[in-house]
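Peer 1: The structure follows.
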Amino acid sequence: MDNLKTYVNDVAKFLPNIRPLNEFLHLNMLPGLQTMPFWQAMRESALKYSHLPFMPISFYQNKLKSGAIDVHILDAEIRAEAKDEKSQNEIRNTIQREAKEYYFPEKTFRPIQKYISEEINHSLGELTEPLLIRLLSSFYDQGFSFWNVPKANEGFWKCFVNLVTNSYLPIYPIDKEQLVHFKDKTPIEVVSLLLPQIVEEELAQLYIEESLLSLKGWSGFIQNINLEPKLLTDERHADLYDYLAVRMVIELNWIRKIKPSFQPVIKSQLGANYLKKREVMSQVEWQAYKVIHEAYEKTYYQNIIIKMAEHASNAREIKKCEIQSFHCIDDRECSLIRFMEELDDNFKAYSTPGHFGLDFFYKVSDEAYPQKRCPAPVVPKFILKEKRGKDVQRKNKIYKWQNSSYQNFFLEWFMSYFDGLNSIFKMIVDVFLPTKTFVPKSVRFMRSKSEVKIFRNSDNETLNGLFLGYTHDEAALRLANVFKSIGLIQDFAPLVFIIGHTSTTTNNPYFTAYGCGACSGRNGSLNAKVFSEIANDPEIRKILKDNHGVQIPENTIFVSGVHDTCKDTVRIFNVDRLSGQHYDLAKRFSENLKISLAKNAKLRCADFVNVPKDITESEAQALTIERAHSIFEPRPEFGHTRNALCIVGKRASTRGLSFDRRAFLQSYDYTIDPNGDYLLAILGAAIPVCGGINLDYFYSRMNNRGIGAGSKLSHNVTGLVAISNGTEDDLLTGLALQMVELHEPMRIMFVVTVTLEVLQKVLKGNQNLWDWVNNEWVRFTCIDPVKKKTYFFQNGQFSEISGGKLC
Amino acid sequence: MLINYLFLAYLVPFMALIVLLVKKYSESTIQRISFISVVIPFLSSAALVVDYFLYKRGVREISLFEIAYGEHHFSFNLFVDKLSLSILFLTSSLTLLVIKFSHTYLHKEPGYQRFFRTVSLFLCGLYLLALAGTLDLFFAGWEMVGLSSFMLIAFYRDRTRPVKNALRIFSIYRLCDLGLLFGAIIGHLLWEDANHFLTFLSEGRNLHEYVDYNWVHLVGFLLMFSAIGKSAQFPFINWPARAMEGPTPSSAIFYGGLSIHCGVFLLYRTYPIWSHSYLVVYALTGVGLLTALLATGIGRIQPNIKGQLAYLSVAHIGIMFIELAWGFHNLVIFHFLTHSFFRCYQILTSPSSIVDHVKVIDATSNITIKKAIENWLPMKLRTTIYSFALQEGFLSISERGFFPLPFVQIKLWMRKVFRSYITFAVVPVIAYYLAHWQGHTETHQVVAYMLGLLDLVLSASCLTSLKNPNTIWNRFLATQILFMASAFIFKAHSYHGVILYSISAIPCWVLGKYALMQFTNVDMKKFNGLYITNPKKSNLFFIAFLGMSGFPFFTTFWGEDVIFAEMLLEGPVLLTMTALSMMFNGLISARILTKVFWGFPSYIKY
């Protein structure tokens, strides 16, 4: 049994990281492999998933032709990879070979399944998987079906045993009498008892690997839910042993039904044909692809480093300004910030993760389910609830009615006649008039609809076991952390905007992928509002000044807002409280925002193919809004497409530079952080988050059919938590084709402006972060402002690069 | 009447189909073509509906032309009543909305032109079905709808599951088409003027006066069988869930809106015939009720949105069958109009179901304690019902648990049988006794029986054989020759049908042979996906497939009709045998098409 655990744990590393859709996050899809160097991990996962972690050779050849791959860098890479002339030439020939027009990189290779299928003359997967998938999706169903599978709360194995043994009807082909023997055993015992009946001991590991990976979406899902049961609102308990036990019972029963004389598979039967060491690619090909891919990435990195170095001499720092704004680090904000800065010299933008340092759960009302509004790995101890909520309560009633209606068969029959009439009008409106009747203004001042109780007076105020609100000290601590990490502890402008972000899409199951990742995929406006309310509180300002050294002048007012990245509109809250100078500043900000949003919309329209090139900015704005509301638009916005950089440092070093919406920005001032504490906090969040986003897009672009989710058109929402193709298939992992088709698959590069010693101390001090960096899952560049040198991390160390040349 | 010129608008999808076949266009051109091809029929339908209500027109028939061929005559005419207008209006408005939806939804999808072309074909078929004046024309439209359904389920030809499911569903369509084919033939018997629907109405009332009641029962059951297959009633309720493999808009039009109601249309049209038969009325009610209960029961536990919508759709059609059986015509029309829009809209917006769920759980946390009546039952009964619904009422062929006919076991048995030559020795003996039993003792008739039975046996062996496709295709030629020979010998002066049939059959066979010639090593146990590396051959074989399976644009369809109509009176057993082998034709060619050319191309290296 211990062997069994080892086998399962060995394969579990390769299971994809898939979460329920309403809690979707961009994460490294293969987190278990992070302790391995990147290319080794890619090679191993290629063998397991039988997919290739490369684009087709034609992609690289086109990049070479267009100059996106620098020939010198390519040469240097080839020389670094192969020592002698002959292998270098082999690599060059492979790169230049003729490309095919089609590219099907994924194949499945399961020797034991293939052998058994030939023995019984039927495809074993086709026999077991439909029933197994149906059982799994019924078990995990969060509310699609009208009633749940009996005993769903007792675990998958028990639920299955109940279905088979405690019913008047059999489940074909399972033998009820035989299963009764296993009724009281735990799944892991069942697996260890059944395993010798299918395969001999030597093949056990291979068999378990095949069983888990042939339904990799479901296996990954089971594993993740097992690690974090709270991800599902209606909890379910199952682990990989439940899955294996059920699968083996079904398989054995099918095998025995068709061929009763089946004997366990022995290694010698598998023979050379089945077990030959299959390499997905030959050694030379692997080297060639790796070399050209590295060259592709490094060309871009080199361009950026040179660009930033040239700009460093022009960098001017703005000390005093009249408007400041905080934005999320999201790469979709970087173009908006740039447009705003072009219009106004007295404006300064800071970037910090969109939860603005605040970690809390949010509840709309007493009976609502608590929503997390902070990054996924953080587990908050606080919960904020709506104070008033007439609107909210009214909406509650509507949703409750919608949810519980039509339980009566005859009422549903009767109502169905009339639902049809209603849907005729809905369809006409949705298809021909997506924006209904008007195009909303791009920037609007409004009263915010929600009001939460932020502060608590005593520790007795709790709800669901969490503190109902912050104390002043706790809140001030969080604010201080944010201000210090971005380097703003004095010289506050009279008006500071805190802008969160969200995204409105219609008919899109991946809507949380577009939302603010720092707020767990939700709307960032709440965090912005809470932050600004806390920062406006005089007692907080006193604590900040006395205990943390952050001087906020009395004249400064914080205002919150939210940017809808899909529609490119901004809503600013509670401006009517301002007067005089502040109101004028707010007006000026909103005028500039309007112009910037229109420019941003036009910039984004360059990606939408069926849009004419000479579109005006206001037309572009109307177009983005229409796309957000159309039920038939599978590409409402392109999200984090083409993300490739994360720049940590003062805005002065990048102000005025255009990164083509490819950079995550994070404000940081090394001068006030001599020990690197704030750098640790920043990188501890930024590396997993930005690295996760980047890797998610990377895999989904490279192999959209194997590890990505394929085209959105045939998607079918399953169990309210996941997506599959049609009704009989495995779950789909990763992102859909329509989200990643324009992405440039390269690993993210962090460019951090800090002294090398501090950076190395921070990275090496945290094993998790060091794994990311040392194994080159993310690339690192350090711009040392004191020594005035640039270092690039490769081959296990930071090496100095001169003149910006990476080779 | 001037208003009748509006019917010319329904030729527009046909023109769009031809245009989209000629060459590859840009997306914006395709959008314009497809939009015109749905807007013009919509305007025309709206005008016709207004005209119908304004002038209180009743039922009318519009004769187009008649072709006399041998002893047979084909009449092409249109029959317009409130059902026709409802179908026309429903189809044109629904397709207008869904086509507009698809313009942006399918953007950049490989197969853009193929999608709109197939939808145009579907529209041709459905308009023909709506306006058909005779059962033959209705059958032609029916076939076109079935074929476009097959093509759209397998839209993603490079994945195995859509292709496999498409083949399975095409088999069900083919099986149930037999009912309609026989119904059409028997219709020729019952009425001399080629079973016009107008005649059904006028003469139908007096049917029992001059036709033996047994014929009425038989025709009724045959038509019911056909409607059951197309509309997914008991025992075929599982296929719509399997058919949700295509793009969402196509699933919405077909299985939410239009194609799945075709059974209802058929029954409505032929109401004057079968309504006389109390057996059929009760059977329809039983089937409808059973389907409604079973499909609702299965649909209630479906954890995925498209599967659930498919089953609930089927349940509603069961109710429509009941309504129709008892003569509530206006209610049926109202029901299918509203149901189509409703289901279509639900399927189109199915990806947003997660958003709705999130809104609900933000509002209230007790989401899943739904008060379903099943939760009040004792545990063992609850588990039994769940287990029954989970296995889809044991009606699913894929799990070998299909009561009462285990298809897979039959297939394996057939393979064993056809491998031995004893089978081919036994055939003449059986044929001899069959012929004598039917009273056909003359030599040429007995020979015809032998050829017919041999044809059937060979067809069945082609269907299940695992040999390489060239061998199967050669054997297929043998079956065609046997069929034509058997028909010709049985009634020597009925050569007209045989000639008409062979005009298409032989060239199509030759085309198929040319396309298949190089593929001698293909494994027929799996889907090979050769269309990627051999696109031209794949298209040629597709045309051959259309010809051999009796697509209405080829004369094989009309030739079959003539042959069967002429053989009917004298040789019903022979007719059954040859008709069965004709049904197999479509399956054989579809099987070769999907196994050889479609599917995941695992032979391609990166």
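Peer 1: Using 30 Å as the Cα-Cα cut-off, could you pick out the over-long pairs in A:LYS158/A:LYS216; A:LYS319/A:LYS385; A:LYS86/B:LYS526?
Peer 2: Details: A:LYS158/A:LYS216 22 Å; A:LYS319/A:LYS385 39 Å; A:LYS86/B:LYS526 42 Å.
Listed pairs above 30 Å: A:LYS319/A:LYS385; A:LYS86/B:LYS526.
Peer 1: Amide H to amide H, which residues 5 or more places from A:LEU384 or on other chains are under 5 Å from it, using H placed in the peptide plane?
Peer 2: Close amide H contacts, sequence-distant or interchain: A:PHE361, A:TYR362, A:LYS363.
Peer 1: Among A:468-475, A:550-557, how do they line up by average Cβ neighbours within 10 Å per residue, starting with the highest?
Peer 2: The packing order, highest mean first, is A:468-475, A:550-557.
Peer 1: Turning to a different aspect of this structure: Exposure proxy check: A:ASP730, A:ASP345 ranked by fewest other beta carbons within 10 Å?
Peer 2: On the way: A:ASP730 19, A:ASP345 11.
With the sparsest Cβ surroundings first, the list reads A:ASP345, A:ASP730.
Peer 1: Let me ask something else about it. Compute the distance from the alpha-carbon center of segment B:63-93 to that of segment B:430-474, in whole Å.
Peer 2: Using only Cα atoms, the two centres lie 36 Å from each other.
Peer 1: Using mean Cβ contacts within 10 Å as the protection proxy, how do B:463-474, A:350-361 order, highest first?
Peer 2: A:350-361, B:463-474
Peer 1: Which value in Å is the Kirkwood Rh of segment B:25-83 over different Cα pairs?
Peer 2: Computed over Cα pairs of segment B:25-83, the Kirkwood hydrodynamic radius comes out at 14.7 Å.
Peer 1: Turning to a different aspect of this structure: Using Cα atoms only, what is the angle between the long axis of helix A:409-432 and the major principal axis of chain A, expressed in degrees (0 to 90) to the nearest 10?
Peer 2: 50 degrees
Peer 1: Mean projection of the alpha-carbon convex hull of chain A over all orientations, in nm²? All intermediate terms of the calculation are to be shown ahead of the outcome.
Peer 2: On the way: hull surface 153.3 nm².
Over all viewing directions, chain A projects a mean Cα-hull area of 38.3 nm².
Peer 1: So what is the diffusion coefficient of segment A:227-266 in µm² per second by Stokes-Einstein at 10 °C and 1.306 mPa s, using a Kirkwood Rh over Cα pairs?
Peer 2: The Stokes-Einstein estimate is 126 µm²/s.
Peer 1: So what is log10(I(q)/I(0)) for segment A:675-767 at q = 0.12, 0.18, 0.20, 0.26 1/Å, when the Debye sum runs over its Cα atoms only?
Peer 2: Debye curve over Cα of segment A:675-767, log10 I(q)/I(0) at q = 0.12, 0.18, 0.20, 0.26 Å⁻¹: -0.54, -0.81, -0.90, -1.22.
Peer 1: Oh, and also: Which angle between 0 and 90 degrees, to the nearest 10, do you get for helix A:390-404 versus the longest principal axis of chain A when only C-alpha atoms count?
Peer 2: Helix A:390-404 and the main axis of chain A meet at about 10 degrees.
Peer 1: So, one more: Considering amide H positions built from the backbone, and no H for Pro or chain starts, which residues 5 or more places from A:LEU731, or on another chain, come under 5 Å of its amide H?
Peer 2: Amide H neighbours of A:LEU731, under 5 Å, 5+ apart: A:GLY217, A:TRP218.
Peer 1: Under the rule of at least 5 residues apart or a separate chain, name every residue whose amide H is placed under 5 Å from the amide H of A:ALA722.
Peer 2: A:LEU21
Peer 1: Given a cut-off of 20 Å, name the pairs among A:LYS545/A:LYS761; A:LYS48/A:LYS114; A:LYS230/A:LYS363; A:LYS100/B:LYS536 whose C-alpha atoms lie farther apart than that in the structure shown. Spell out each step's value before the answer.
Peer 2: Details: A:LYS545/A:LYS761 29 Å; A:LYS48/A:LYS114 16 Å; A:LYS230/A:LYS363 16 Å; A:LYS100/B:LYS536 17 Å.
In this structure, A:LYS545/A:LYS761 exceed 20 Å between Cα atoms.
Peer 1: Let me ask another. What does segment A:429-545 give for Rg and for Dmax, in Å, if only its C-alpha atoms count?
Peer 2: 18.3, 57
Peer 1: Separation of segment A:111-134 and segment B:243-283 by C-alpha centroid, Å?
Peer 2: If you average the Cα positions of each part, the centres end up 35 Å apart.
Peer 1: Related question: Specify the angular offset, from 0 to 90 degrees and rounded to the nearest 10, of the alpha carbon long axis of helix A:331-343 from the longest principal axis of the alpha carbons in chain A.
Peer 2: Taking the Cα atoms of chain A, the angle to A:331-343 is about 20 degrees.
Peer 1: Hey, another quick one. Which of A:GLY354, A:PHE382, A:PHE497 sits farthest toward the positive end of the charge dipole of chain A, with +1 on the Cβ of Lys and Arg and -1 on the Cβ of Asp and Glu?
Peer 2: A:PHE497
Peer 1: Now a separate question. Can you pull the three principal axis extents for the Cα set of segment B:407-597, in Å, largest first?
Peer 2: Ordered largest first, segment B:407-597 gives principal extents of 54, 36, 24 Å.
Peer 1: Another question, then. Let me confirm one metric for peptide A:94-101, namely the mean number of other chain beta-carbon atoms within 10 Å of its residues' beta-carbons.
Peer 2: 1
Peer 1: Here is a follow-up. So which of A:LYS484/A:LYS787; A:LYS307/A:LYS529; A:LYS441/A:LYS650; B:LYS24/B:LYS467 end up more than 26 Å apart, counting from Cα to Cα?
Peer 2: Where the Cα-Cα span goes over 26 Å, the pairs concerned are A:LYS307/A:LYS529; A:LYS441/A:LYS650; B:LYS24/B:LYS467.
Peer 1: For chain B, what does the alpha-carbon gyration tensor say about shape, rounded, prolate or oblate, given a ≥ b ≥ c as the root eigenvalues, a/c under 1.5 as rounded, and a/b over b/c as prolate?
Peer 2: rounded
Peer 1: Rounded, prolate or oblate for segment A:238-331? Axes are the square roots of the Cα gyration tensor eigenvalues, ordered a ≥ b ≥ c, and the cut-off for rounded is a/c under 1.5.
Peer 2: Values: a/c = 8.30, a/b = 2.20, b/c = 3.77.
Because a/c hits 1.5 or more and a/b fails to exceed b/c, segment A:238-331 counts as oblate.
Peer 1: Return the Cα extents of the protein assembly as shown along principal axes one, two and three, sorted largest first, each rounded to a whole Å.
Peer 2: 114, 78, 65
Peer 1: For segment B:204-304, what Kirkwood radius comes out of the mean inverse Cα-Cα distance, in Å?
Peer 2: Values: mean 1/r = 0.0671 Å⁻¹.
One over the average 1/r among Cα pairs gives 14.9 Å for segment B:204-304.
Peer 1: Applying a 10 Å radius around every beta-carbon, put B:171-183, B:420-432 in order of their mean neighbour count, most first.
Peer 2: Values: B:171-183: 21.8, B:420-432: 13.7.
Peptide ranking by packing, descending: B:171-183, B:420-432.
Peer 1: Let me ask something additional. Please list 3J(HN,Hα) in residue order for segment B:587-601, calculated via the Karplus relation 6.51 cos²θ - 1.76 cosθ + 1.60 where θ = phi - 60°; whole Hz, with x for glycine and proline.
Peer 2: With coefficients 6.51, -1.76 and 1.60, one gets 5, 4, 5, 5, 5, 5, 4, 6, 6, 7, 9, 9, x, 7, x Hz.
Peer 1: Using θ = phi - 60° and the Karplus curve 6.51 cos²θ - 1.76 cosθ + 1.60, what whole-Hz ³J(HN,Hα) does each residue of segment A:304-318 get, with Gly and Pro shown as x?
Peer 2: Using θ = phi - 60°, the values come out as 5, 5, 4, 4, 5, 5, 5, 5, 4, 6, 8, 5, 10, 9, 8 Hz.
Peer 1: Along segment A:459-466, what does the Karplus equation 6.51 cos²θ - 1.76 cosθ + 1.60 (θ = phi - 60°) give for ³J(HN,Hα), rounded to whole Hz, x for Gly and Pro?
Peer 2: 6, 7, 7, 10, 8, 6, x, 10
Peer 1: For segment B:1-153, rounded, prolate or oblate, judged on the Cα gyration tensor with a ≥ b ≥ c (square roots of eigenvalues), a/c < 1.5 rounded, else prolate if a/b > b/c?
Peer 2: Oblate shape, in that a/c is at least 1.5 and b/c is the bigger or equal ratio.
Peer 1: Post the alpha-carbon centroid distance, segment A:449-525 to segment A:26-51, in whole angstrom.
Peer 2: Value for the Cα centre distance between the two parts: 34 Å.
Computed from the coordinates by the stated procedures, all read-outs in this text should not be read as laboratory data. This is a predicted model, so every value here is computed, not measured. No Cβ is skipped: glycine too gets one built from the backbone with ideal geometry, and neighbour counts run over all protein chains shown.
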